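Q: Below is one structure. I have some questions about it.
Where a number appears in this text, it was derived from the coordinates with a stated rule and is not lab data. Every value quoted in this text rests on a predicted model; they were computed, and no experiment measured them. As a convention, Cβ positions derive from the backbone with ideal geometry for all residues, glycine included, and neighbour counts pool all protein chains shown.
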Amino acid sequence: MTSPSSAPPATPASVLADLRSRLSRFRTVATADAAPWSRGVDADYLRDLVAYWATDYDWAVHERRIRSLPWVQAGQHRPLRAIHQRADDPAATAVVLLHGWPDSVLRFERVLPLLTDLNVIVPALPGFPFALPIAEGGLSSLRMADAVADAVAELGYDRYLISAGDVGCDVAEALAARHPERVSALHLTDVSQYHFLVDPPDDLSRTEQEYVRHGHHWQAAEGGYMHEQSTKPQTIAAALGDSPAGLAAWILEKLRSWTDNGGDLASVFTRDELLTWITAYWVTDSIGTSFTPYAEGGIKPWGRIPAPAAFTVFPRDLVNAPREFADRFFTVWEWQEFSAGGHFAAWEQPASYVRGVRSAVELSGDGERVAGAPPQ
């Protein structure tokens, strides 16, 4: 049940003092000349952001807002911390929102006010900011799925739809495969890249072959973070967990390159919003444990997911699959492509994102909408 003790604990003053001390000693690292952002984070932008973080940013203000959300703790076998926004009608459709990396439940702050007629559950996935600590530190997507199923059941929901992106899509897929009696519908913003990276189908169409080629090119050009987090997560965790500037560089570069910002990051995030997403990782010491789904992911030992699925595709997401590829793994009933938005669509384009959720709500019933074969 909701209670003040269910919220993430307030950050000790000593942690914030240590953070400011580290930031005040930030040393700009010499690099070879390159155009801004062409080889990763821009040094000038990072220096200015770190200076603001050290002197003007106030985590406590944002933490009070975050802790005031309707937090609960639930789950018999592996308790989770989650935001539980109840609708006035207890019988209203339940929707589980699943975040990804390098974000947290904060991805959904802008959609929560648009979903007050639904019962909304937003788990802080194990190993990520605001999550309850666990002995293993982090979990694979498959084990996260079981933990989410357990927690949502304890909250009183036998059936619910799932809305997800990024790592959350892997968790959603595993949950729908392992607990099909509980998942009424899916709303996804992407098809997991593991579907073409691990044992891809051998009968791809030309469109699908081009998608896979593009995906491998993207991995070669932009996927270094994924390879490091998958193969040597403890090495990079040591650097990022000891240096707030390094942590900011690692996350900031993704927030800029993965959003639809036209080169102006301020069009998507204010400086305080950027630093709130980043500071959440620092004060919870969760950057290293957030790598677990990468290090233990990839295998999907199930067939096509039977739950009806609504996809919302945003143009600046990482590697957008064509519908025919999605159809191989999901029972696609709705496919919407938008003209704006990127990887963090729930934050960037909340109204468009909610349209996808509403589509899944329509699919989640047992009525005529999902009778017969999905439309092509």
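Q: Need one number: nm distance between label points at residue 218 and residue 117, each 7 Å from Cα along Cα→Cβ, rounded to one decimal.
A: Roughly 3.3 nm, to one decimal.
Q: How far apart, in nm, are two points set 7 Å out from the Cα along the Cα-to-Cβ line at residue 65 and at residue 30?
A: 4.1
Q: Taking a spot 7 Å from the Cα of residue 181 along the direction of its beta carbon, which residues of region 306-330 have an amide N less than 12 Å from it?
A: The answer is none.
Q: Taking 8 Å as the Cα distance limit and 6 or more residues as the minimum spacing, I'd like the relative contact order of the chain as a percentage.
A: About 19 percent, as a whole number.
Q: If you don't mind, there's one more thing I want to ask. Taking 0.36 nm per residue of separation and subtracting the Cα-Cα distance, what length does fully extending residue 13 through residue 204 add?
A: Length gained between residue 13 and residue 204: 63.2 nm.
Q: Based on the Kirkwood radius over alpha-carbon pairs, what value in µm²/s does the Stokes-Einstein equation return for the translational diffusion coefficient of region 67-138 at 25 °C and 0.890 mPa s?
A: After rounding, the answer is 192 µm²/s.
Q: Next up: What shape does region 135-187 have by the C-alpha gyration tensor, where a ≥ b ≥ c are the square roots of the eigenvalues, rounded means a/c under 1.5, and otherwise prolate means a/b greater than b/c and oblate the rest?
A: Since a/c reaches 1.5 but b/c is at least a/b, the shape of region 135-187 is classed as oblate.
Q: Next question, about the same structure. Rounded to the nearest 0.05, what FRET efficiency is calculated for residue 231 and residue 89 with R0 set to 56 Å and r the Cβ-Cβ distance?
A: Once the sixth-power term is evaluated, E becomes 0.70.
Q: Hey, another quick one. Can you report the principal axis dimensions of the chain using only the alpha carbons, biggest first, rounded to whole angstrom?
A: Taking the Cα atoms of the chain, the three principal extents are 63, 52, 36 Å.
Q: Now for a separate question. Region 272-376: which trypsin sites (Lys or Arg not before Pro) are DSSP loop and have at most 10 other beta-carbon atoms within 10 angstrom?
A: Qualifying residues, ordered by number: 304.
Q: Measuring from label point to label point, each 7 Å out along Cα→Cβ, what is the residue 158 to residue 76 span in nm?
A: Rounded to a tenth, the inter-label distance reads 1.5 nm.
Q: Using only Cα atoms and rounding to the nearest 10 degrees, what angle (0 to 90) does helix 350-363 make with the longest principal axis of the chain?
A: Between helix and principal axis, roughly 30 degrees.
Q: Report the equivalent ellipsoid semi-axes for region 208-288 in whole Å, largest first, defined as the square roots of five times the eigenvalues of the gyration tensor built from alpha carbon atoms.
A: For region 208-288, the ellipsoid semi-axes come out as 25, 20, 8 Å.
Q: What is the packing order of peptides 196-202, 166-172, taking the mean over residues of other C-beta atoms within 10 Å and listing the highest first?
A: Taking the mean over residues of other Cβ atoms within 10 Å, the ranking is 166-172, 196-202.
Q: Just order 178-187, 284-293 by mean Cβ neighbour count inside 10 Å, highest at the front, would you?
A: So the peptides 178-187, 284-293, ranked by packing, come out 284-293, 178-187.
Q: Now for a separate question. Name the shape class, rounded, prolate or oblate, that the alpha-carbon gyration tensor gives for region 264-306, where a ≥ b ≥ c are the square roots of its eigenvalues, rounded holds for a/c under 1.5, and otherwise prolate holds if a/b is larger than b/c and oblate otherwise.
A: Here region 264-306 falls in the oblate category.
Q: A follow-up question, please. Going by average Cβ neighbours within 10 Å, how do the peptides 37-47, 80-90 rank, with the highest at the top? Intermediate results must be reported in sequence, preceding the final value.
A: On the way: 37-47: 14.8, 80-90: 18.4.
So the order, starting with the most tightly packed, is 80-90, 37-47.
Q: Run the numbers on region 36-195 and let me know its relative contact order in percent, using alpha-carbon pairs under 8 Å that are six or more apart.
A: For region 36-195, the relative contact order is 22 percent.
Q: Sticking with this one: Multiplying the sequence separation of residue 304 and residue 135 by 0.36 nm and subtracting their Cα-Cα distance, what value in nm do you get?
A: Length difference between fully extended and current span is 57.6 nm.
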